[in-house]
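Take a look at the structure below.
Every number here is computed from the coordinates shown, using simple stated rules; none is lab data. Not measured: the values here are computed from a predicted model. Here Cβ is always computed from backbone atoms with ideal geometry, including for glycine, and neighbour counts include all displayed protein chains.
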Amino acid sequence: MNQVCLKDLFGMEVEELRLYSMENALYSVRVVIAGKEHLVLDDRGASLIFRSIAAAKKPFLGFGISKVTLVQHSAYGEMIGHSVERVAPLETTLSPPDKDCLL
């Protein structure tokens, strides 16, 4: 997995912001740069984790990102006894940080 620090993203062209939903309303953040996905890290080298979608988008205000996707994996099939084969995640388009009136 490619990685990039948030502070190093300034001046880069971020094609897409991808928010990965994890358990207990936690979100990790990845960005797509030159067609490749990168996990976004803080200054200490730890993955950025947020407690809401709005909080996850806020650090990206001013980047001019036009595409934001929420990615949600589900274990529902496994929980009800269906095959444990990997099911494609649900991907939902969200408003970009610069156009979100909640930020």
Worksheet item: To the nearest 0.05, how large is the calculated FRET efficiency for residue 74 and residue 7 if R₀ is 35 Å and r is the Cβ-Cβ distance?
Response: 0.55
Item to complete: Just add up the charged neighbours of residue 1: K/R +1, D/E -1, any other residue whose Cβ is under 14 Å from the Cβ of residue 1.
Response: +2
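Quick one: putting +1 on the C-beta of Lys and Arg, -1 on the C-beta of Asp and Glu, what dipole do you get for the chain around its Cα centre, in Debye to the nearest 20?
180
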Worksheet item: Can you give the FRET efficiency for residue 92 and residue 47, using 1/(1 + (r/R0)^6), R0 = 22 Å, r = Cβ-Cβ distance, to the nearest 0.05?
Response: 0.55
Worksheet item: Excluding residue 102 itself, what net charge comes from residues whose Cβ is under 11 Å from its Cβ, given Lys and Arg +1 and Asp and Glu -1?
Response: +2
Worksheet entry | Over segment 2-98, relative contact order from alpha-carbon pairs under 8 Å, at least 6 apart, % | 28
